[in-house]
1. Return a yes/no flag: does region 63-77 have any residue that is among the hydroxyl-bearing types (Ser, Thr, Tyr), at negative phi and surrounded by 13 or more Cβ atoms within 10 Å (Cβ to Cβ).
2. What about VAL67, is it outside any helix (DSSP H, G or I) and either at pLDDT below 95 or among the hydrophobic types (A, V, I, L, M, F, W, C) (or both)?
3. Out of all the residues in region 1-32, which are small (Gly, Ala, Ser) and without any contact (Cβ under 8 Å) to a residue 40 or more places away in the chain?
4. Taking LEU57 as the residue in question, decide whether it is crowded, with 21+ Cβ neighbours inside 10 Å, part of a helix (DSSP H, G or I), touching a residue at least 24 places away in the same chain (Cβ under 8 Å) and not small (Gly, Ala, Ser).
5. Which of the residues belonging to region 84-116 are basic (Lys, Arg) and within 23 Å of GLU11 (Cα to Cα)?
6. Just for helices (runs of 4 or more DSSP H) wholly inside region 74-167: which have at least 3 residues that are within 26 Å of LEU48 (Cα to Cα)?
7. State which residue is farthest from GLY25 (Cα to Cα) when the search covers only region 73-121 and only residues that are of a type outside the set (A, V, I, L, M, F, W, C) and under 14 Å from the mean Cα position of the chain (by Cα).
8. Look through region 1-55, keep the residues that are within 24 Å of PHE139 (Cα to Cα) and among the small types (Gly, Ala, Ser), and return whichever of them is nearest to the chain's Cα centre (by Cα).
Amino acid sequence: MNDVLQKYLPERAVAPCFSLIKMHGVNLKIVNHRVTRHGDYRKLPNGLHQITVNASLNKYRFLITLVHEIAHLVAFEKFGRCIKPHGLEWKRTFQHLMVPFIRPEIFPIKLLPVIARHFKNPKASSSTDANLSIALKAFDTEQQKENSYVFELPLGSKFRIYNGKLFQKGKKRVKRYECIELSTGRLYLFQPNAEVELISD
């Protein structure tokens, strides 16, 4: 397991992550890229705890995602299954588990302030926090950087989302962007850091 983790995590995070996995009896599966989620946790019918994390994540996003999912396991075990998945109990557990990792030996110096801000009140996904999402994207491979963020696109430009649907970017409404689905004319609101493929006319 240590050898596998070294491929996906910052070097100094491997041993503490391995300890967490061992301590909580995690069955970790590293899976092909899923657009709708970075990772997930489920308790299997046989009682085992299974966590899946996308293999396509850069090592810093992989670390945050892995600890995010372990926090679900720990929060459910400690507080019971009736808690909200991303409620206060989970937030406190996630913060507690992440503190040992928020160090310059693990994260680049320029990421640390953004991560520290995020963990004052962690969101349901690192992608929901636009500042963190953009900061983490800087460490993606060139292949991972092929997509653009909605906020980067010129007004009126056309783009494709993961399921193939086409949209045209409209004006900003408070935090999100109004975008028209081209096939139906329906209006949708997009987060500024939604990753999309720009379509050239």
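The values are calculated or read from the model by the stated rules, or taken from the named source; none is laboratory data. Since this is a predicted model, take the numbers as computed values, not measurements. So basically every Cβ, Gly included, is an ideal-geometry build from the backbone, and we count neighbours across all protein chains shown.
1. Going through region 63-77, the residues among the hydroxyl-bearing types (Ser, Thr, Tyr) turn out to be 65.
Okay, now just the ones that are also at negative phi, so 65.
Then drop every residue that is not surrounded by 13 or more Cβ atoms within 10 Å (Cβ to Cβ), which leaves 65.
Checked region 63-77: at least one residue is among the hydroxyl-bearing types (Ser, Thr, Tyr), at negative phi and surrounded by 13 or more Cβ atoms within 10 Å (Cβ to Cβ).
2. Values: outside any helix (DSSP H, G or I): no; either at pLDDT below 95 or among the hydrophobic types (A, V, I, L, M, F, W, C) (or both): yes.
No.
3. If the condition is that a residue be small (Gly, Ala, Ser) and without any contact (Cβ under 8 Å) to a residue 40 or more places away in the chain, then ALA15, SER19, GLY25 are the ones that fit.
4. Values: crowded, with 21+ Cβ neighbours inside 10 Å: yes; part of a helix (DSSP H, G or I): no; touching a residue at least 24 places away in the same chain (Cβ under 8 Å): yes; not small (Gly, Ala, Ser): yes.
Judged against the criteria, LEU57 is not a match.
5. Residues of region 84-116 basic (Lys, Arg): 84, 91-92, 103, 110.
Passing the criteria: ARG103, LYS110.
6. Result: 88-98.
7. So the residue we want is HIS118.
8. If we take residues in region 1-55 being within 24 Å of PHE139 (Cα to Cα) and among the small types (Gly, Ala, Ser), then GLY39 is nearest to the chain's Cα centre (by Cα).
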